[in-house]
Amino acid sequence: MGRCKRVLESISLLAFYVCLLLFWAFKGTFATEPQMGSVRVVFQTNYGDIEFGFYPTVAPRTVEHVFKLVQLGCYNTTHFFRVDKGFVAQVADVIGGRSAPMNEEQRVEAEKTIIGEFSDLKHVRGILSMGRSSGFNSAQSSFSIILGDAPFLDAQYAIFGKVTKGDETLRKLEQLPTRTEGIFVMPTERIAILSSYYYDTEMETRGQDWSILKRSHAAPVIESQVGVVVFIFLFLAFYVAWFPKLCQRWKDEAILSWRIRKLTLEKVINLIRFEDNLLKNGGKYEALSGRSGS
């Protein structure tokens, strides 16, 4: 019974490590949606409003840059230059996409390029994904709202947020007439972003300073880090408690197995000697010590 119990405990521990390895191997597949920050941005278009939030733990630099552009009013009077039903609705780059001129502060921020913050999140309907050129670190201000599953974009474009309200507006845009220019499916009429504003769902005020909003963005990061620390602590506690015991059991079983094999080998040698004695004495028994018997 003791041996069976040890075997079961060993199997349980092995199963734990296997599950842990599978978790790390497929964590992207089973990953839950990241926590969204409390900031919300609203684009007011000529077909309705679209509201979205940010994933500051996934793409912090991208979130900060896009929010700064919103704060400066850079997206006002730009437009959706691309609407491909079931694929993407893409906001034009604010440099060249606006109908209103830009001031110097807006232009300086809009000309910045952002490092590609690629993640294991999936491109599904409602996701916000930065546009870029062939360079991985070439994103500026153009971004797409995903209108369907697009797995071929995964890990190639930086996901930084998600639509929270306004899917009915997106469906209106998908029904508009389009034309094709090269690889782009474009609306035949201008879909303008007339204006934009932002607010914090926790403060319930609009137009707050970025430094205040940044603190609320940091909260999900702290919670995520605490979760990682707790997981590592539990894993180390389990490892320290069980691994030495398992090694000792394996050692004890190896010694026991060796002793059993040794005893078995001695018995076989004695049996061979006994049979050899019988053959030498014509079938008469003679003790291994050399004394004759009847």
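Summary table
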read-out	value
Qualifying residue in segment 97-114 (condition: surrounded by 12 or more Cβ atoms within 10 Å (Cβ to Cβ) and touching a Gly at 6+ places or on another chain (Cβ under 6 Å))	no
Tabulated pairs, segment 102-126, first within 13 Å of residue 140 (Cβ to Cβ), second buried (at least 19 other Cβ atoms within 10 Å of the Cβ) and polar (S, T, N, Q), C-beta under 8 angstrom, 6+ apart or interchain	110/140; 110/141; 111/140; 112/140; 113/140; 114/62; 114/140
Neighbours by Cβ (under 6 Å, 6+ apart or cross-chain): first from segment 181-195, in a strand (DSSP E or B); second among the basic types (Lys, Arg) and surrounded by 17 or more Cβ atoms within 10 Å (Cβ to Cβ)	184/82; 186/82
Enumeration of residues in segment 130-172 that are within 17 Å of the chain's Cα centre (by Cα), part of a strand (DSSP E or B) and of a type outside the set (A, V, I, L, M)	160, 161, 162
Residue under evaluation residue 208, criteria (1) assigned to a loop (DSSP other than H, G, I, E, B); (2) modelled with pLDDT of 75 or more; (3) in contact with a strand residue (DSSP E or B) (Cβ under 9 Å, 6 or more places away or on another chain), criterion not met	(2)
Only listed residue being more than 19 Å from residue 157 (Cα to Cα), under 28 Å from the mean Cα position of the chain (by Cα) and of a type in the set (Val, Ile, Thr), chosen from 58, 91, 66, 70	70
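The values are calculated or read from the model by the stated rules, or taken from the named source; none is laboratory data. Only a predicted model underlies this, so the values are computations on that prediction, with no experimental measurement involved. Quick reminder, even Gly has a Cβ in these numbers, built from the backbone with ideal geometry, and neighbours come from all protein chains shown.
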